[in-house]
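Working notes, structure below.
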Amino acid sequence: MGSMLFSPLKLRDLVIPNRIMVSPMGQYSAVDGSAGTWHMMHLGSMSVSGAGLLCIEATAVNPEARLSPCDLGLWSDANEAALAPIVDFCRKQGGARLGLQLWHSGRKGSVTVAWERQQAIPKECGGWTPFGASEVPYPNRNPPKALDGEDMRRITADYVAATTRADRLGIELLELHSAHGYLLHNFLSPLTNLRTDEYGGSRENRMRYPLAVFKAIRDAWPAHKPFGVRISTVDWAEGGWSVEDSIAYTKALQALGCDYITASSGGAVAEQKIAVGPGYQVPLAESIRKSTGIPTVAVGLITEARQAEEILASGKADLVALGRRMLYNPRWPWHAAVELGEEFYYPKQYERSHPSMQGGDFLRPARG
């Protein structure tokens, strides 16, 4: 019997060849939302890494949805055209199925890139007014404007337009970012949603707008393609969003056609207290999976092949997502496959690197 890590997973009509997902990782390297040569290198490398699923970084649905001015976007013809050759390369040369994460940065927006410590960019220096569920500012960032009804309708339409572009590009899986203190999480968390209308107060009211956005995207996204959601399962702050809230949210998403949950955590408020350690968020994925039956993605300090195998084999999650570990070791899936005695995908140009050829013997590699 083979490993769980290198077994396929089917979501709707998409068959993911193994259970390793490359997390969407912001590269802060776009110009006016358009991908460039860095993205070709980065995504191209990840697509031939041996991972079963590659999810393109959080992609803004309009310019104001960006966290920084250098974020990737999919709001214009130019954005779509810039991403097309990169997606084409990954599809033709890589072994990973291709996903894309849509987002709106919410009240955290208008900051410098990560390596500049994400300082607020004033409006007079090219920054903008971010949007949130309420006018509750994130520390040391521009004060947000609370969304009104017209804002919500406009942003929802932007999500739908980006969804259509993603489908045209040939993206095979879509993920909605509803975590880490960004716009949809702003609505969910009682720490950042102080509204008194139908979008605030009770948990059902706070879920209303995120669920409406999900439904609009699901209706626009082809029925045969999977669509999942990344959530912050818990805020790690007193009075914040809880695992029980996440279970209720997941059940509501399932009813609308959600195919999986990526169980992350935190990000709503700066005063969060997180005990970080190896696999620290895995119990969150396990709780969601056991309570709802939905497939889950475990993410967060998953670094070793046997650690990943145990997570899957013990039923805690259905996929494992690696982010920084893949940046540090872009061939992590190859090494994991060798450790677990499995075959793996790699391009024909790299066949001579296969361990079986080091002794002069040729073992035809698995493909697809």
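Using a 10 angstrom Cβ neighbour count of at most 16 plus a DSSP loop assignment to flag exposed chymotrypsin sites (Phe, Trp or Tyr not before Pro), which longest range of the chain is free of such sites? Walk me through the numbers on the way to the answer.
On the way: sites that count: Trp128, Tyr280, Phe362.
Free of exposed loop sites, the longest segment is 129-279.
To test your reading of the geometry: what angle, between 0 and 90 degrees and rounded to tens, separates the Cα axis of helix 149-169 from the longest principal axis of the chain?
Once rounded, one gets 20 degrees.
Summing -39500 (n - 2.57) over the DSSP H runs of n ≥ 4 in the chain and dividing by its residue number, what mean residue ellipticity at 222 nm do you reach, to the nearest 500 deg cm²/dmol? Show your work: numbers first, answer last.
Details: 10 runs with 120 residues, N = 368.
Computed ellipticity for the chain at 222 nm equals -10000 deg cm²/dmol.
Modelling each spin label as a point 7 Å along the Cα-to-Cβ direction, I'd like the Ala216/Trp115 distance in nm, to one decimal.
Label at Ala216, label at Trp115, 3.6 nm between them.
Give, rounded to the nearest 20 debye, the magnitude of the charge dipole that the chain has about its Cα centre when Lys and Arg contribute +1 at Cβ and Asp and Glu contribute -1 at Cβ. Write down the numbers at each step before the final one.
Values: 38 positive and 38 negative charges, 85 e Å.
For this selection, approximately 400 debye.
Of the lysine pairs in the chain, how many meet both conditions: Cα atoms under 23 Å apart, and a spacing of 8 or more in sequence or different chains?
Total qualifying Lys-Lys pairs in the chain comes to 18.
At q = 0.08, 0.09, 0.12 Å⁻¹, what base-10 log of I(q)/I(0) does the Debye formula yield for the chain when every alpha carbon is treated as an equal point scatterer in vacuo?
The calculated log intensity ratios at q = 0.08, 0.09, 0.12 Å⁻¹ are -0.38, -0.48, -0.86.
For helix 37-47, report the angle its Cα long axis makes with the longest principal axis of the Cα atoms of the chain; keep it between 0 and 90° and round to the nearest 10°.
60 degrees
Explain nothing, just compute: Karplus ³J(HN,Hα) = 6.51 cos²θ - 1.76 cosθ + 1.60, θ = phi - 60°, for every residue of segment 76-87 in order, whole Hz, x for Gly and Pro.
Once rounded to whole Hz, the list reads 9, 4, 5, 4, 5, 5, 5, 7, 4, x, 6, 4.
³J(HN,Hα) across segment 238-247 via Karplus (A = 6.51, B = -1.76, C = 1.60, θ = phi - 60°), whole Hz, x for Gly/Pro?
4, x, x, 4, 10, 4, 4, 4, 5, 5
Between Asp219, Asp235, Asp197, which gets the highest mean-square fluctuation from a Gaussian network model of the chain, Cα cutoff 10 Å?
Comparing Asp219, Asp235, Asp197 in the GNM, the peak value goes to Asp197.
Compare the Cα positions of Gln118, Gly149, Ala166 along the charge dipole of segment 9-357 (+1 at Cβ of Lys, Arg; -1 at Cβ of Asp, Glu; about the Cα centre) and return the one farthest towards the positive end.
Sorting the options by dipole projection puts first Ala166.
Percent of Cα-Cα pairs more than 17 Å apart in segment 145-262, please.
Values: 3708 of 6903 pairs.
Percent of Cα pairs beyond 17 Å in segment 145-262: 54.
How far is helix 203-220 tilted off the main Cα axis of the chain, in degrees rounded to 10, range 0 to 90?
Helix 203-220 sits roughly 50 degrees off the main axis of the chain.
What does the net charge come to around Glu342 if you take all other residues with beta carbon closer than 12 Å to its beta carbon, with K and R at +1 and D and E at -1?
On the way: positive: Arg19; negative: Glu309, Glu339, Glu343.
Surrounding charge for Glu342 is -2.
Amide H to amide H, which residues 5 or more places from Glu57 or on other chains are under 5 Å from it, using H placed in the peptide plane?
Answer set, sorted by chain and number: Met25.
FYI, it's all coordinate maths here, none of it is from the lab. Quick caveat, the model's predicted, so the values are computed rather than measured. All Cβ positions, even for glycine, are placed from backbone atoms using ideal geometry, and neighbour counts span all protein chains on display.
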